[in-house]
Amino acid sequence: MPVITSIADLRALARKRVPRAIFDYADRGSYDEVTLRGNRTDFESIRFRQRVAVDVSHQSLATTIVGQPVAMPVAIAPTGLAGLFHRNGEIEGARAAHAFGVPFCLSTVSICSIEDVQAAVDKPFWFQLYLMRDRGFNAELIGRAQAANCSALVLTLDLQMQGVRRQDIKNGLSVPPRLTLRNALEIAARPAWVWGVLFGKRRTFGNLAGRTPGSKSLVTLSQWIAAQFDPTVSWKDVEWVRKQWPGKLILKGILDAEDARIAATTGADAIVVSNHGGRQLDGAPSTICALPAVAEAIGGRCEVLFDGGIQCGQDVLKALALGARGCFIGKSFLYGLAAMGRAGVTKTLELLRDELAVTLGLAGLSDVRSVDRRILYEPPRAER
Ligand code: GLV
């Protein structure tokens, strides 16, 4: 077993454990991947102030997100197809998150259904919703999430149309995954995945039973999204969802201050500053770059959450310093899941926690709730 010291190590292991089409689905972005890269490089350009001689022996990473206590300011993002990265991937992810004390959010386009996850876990999880052309189906999904006792609904607003993921097209990513002449050798070299996923019980969109073509007529994910997702979605629909869902509501995909000002009037409990992990509008700013202006526009009227490019605990701290209350992890979750199933997700969370604690301490703080912009290093003019 290789020594795992970082999420990059889990990523390298994930690449070996799952077929390329599945790995690339998590790893890659849209078009030229400018925004995907920016999500990382803009994080890397931020520096901390190093502070010394402060007693940091009693640390606390605990906080709340939409009123729910969390062991650290991290949640597992809704990611499509998690169950293709590992058998029962969504269930394993939820179990790891719950044991750790952070929220798990199930995607509309998951492999395990809302009911599968509910039957397998003993704590409430979150559900993410896409608005589809068939609003009746949306109402049904909201009802199912309520019946499953989901404790927050995350409404994704940045996927009215799909940004083209060139690598998925080249790889012929399909749901359910298929064995072809082209990928046969590669798949044969991953027997644990074949046994766990390809021969497993759940291989297609669990929430959408009866709404996708049967396994004989294979679809690419993008064809399915193009046919089902609603390009007419407007703020009126957000109002509609707000009326349907009495619980905590989180709007995901807010990247612009003007949208943030509108979002703050919808009665949502939180927004997520997100560019869909660099998978939608290529050329959009990185989320860490967009965060300060969005947080200012929200002005404390609801919570500001964050995703995009979080690959170590330091990134979490940088996002908190610039106005986020908590961060979602998507790719980092899927790398851990693909690498080692539930243990890999736990490893991802442990790495984030340990990196977060050490960085917090070396920046001279003990409590994650006291983090603000003052922990960041502002270079003198000549250094910029
Ligand atoms: C789904 O959310 C995707 O980005 O593929």
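The values are calculated or read from the model by the stated rules, or taken from the named source; none is laboratory data. Computed from a predicted model, the values in this text were never measured in an experiment. Neighbour counts run over all protein chains shown; Cβ positions are idealised from the backbone, glycine included. In case anyone asks, the SASA skips ligands and DNA or RNA and just uses the protein heavy atoms, side chains included. Shrake-Rupley method; radii C 1.70, N 1.55, O 1.52, S 1.80 Å.
Values for this structure:
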read-out: For the chain: accessible area per residue (Å², 1.4 Å); value: 43 Å²
read-out: Heavy-atom accessible area order for HIS86, HIS98, HIS58, largest first, 1.4 Å probe; value: HIS58, HIS86, HIS98
read-out: Net +/- balance of residues flanking LEU365 in space, Cβ distance below 12 Å, scoring K and R +1, D and E -1; value: +1
read-out: Value at 222 nm in deg cm²/dmol, rounded to 500, when DSSP H runs of n ≥ 4 in the chain each add -39,500 (n - 2.57); value: -12000 deg cm²/dmol
read-out: Of TRP224, LEU251, SER370, farthest towards positive along the dipole that unit charges on Lys, Arg, Asp, Glu beta carbons give the chain; value: TRP224
read-out: Value of relative contact order over the chain, rounded to a whole percent, pairs C-alpha under 8 Å and six or more apart; value: 28 percent
read-out: Between the stretch 95-159 and the stretch 314-384, the alpha-carbon center distance in angstrom; value: 25 Å
read-out: Net charge, GLU92 excluded, C-beta distance under 13 Å - Lys, Arg +1, Asp, Glu -1; value: +3
read-out: Neighbourhood net charge (13 Å Cβ-Cβ; Lys/Arg +1, Asp/Glu -1) for SER274; value: -1
read-out: Long-range Cα-Cα pairs in the chain (distance over 36 Å), rounded percent; value: 18 percent
